[in-house]
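Take a look at the structure below.
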Amino acid sequence: MIREAEALWHVDVRTVRRLAARELGQLIVEVPPRDRERVNRWLISFGVSTRLG
């Protein structure tokens, strides 16, 4: 039973990274250039590395 539960919690890191990249790509489109620095600081405070300029 424990092994079955562990299998349910398994996460494919590549899938999570792809999803995060897609979300950050959408964020770049939605955030106005003048606000990107502020959004970047907010994301960094939550431990998210970004490429917003």
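Structural remarks
- A probe of 1.4 angstrom, applied to the heavy atoms of all protein chains, finds residue 37 with accessible area near 120 square angstrom.
- Relative to its Kirkwood radius, the Cα radius of gyration of the chain gives an Rg/Rh of 1.20.
- Report summary: the helix-based calculation at 222 nm, which adds -39500 (n - 2.57) for every DSSP H run with n ≥ 4 and divides by the residues of the chain, gives -21000 deg cm²/dmol.
The values are calculated or read from the model by the stated rules, or taken from the named source; none is laboratory data. The structure presented is a predicted model; accordingly, all values stated were derived computationally and were not measured. Protein only, heavy atoms only, side chains kept; ligands, DNA and RNA dropped before computing areas. Shrake-Rupley method; radii C 1.70, N 1.55, O 1.52, S 1.80 Å.
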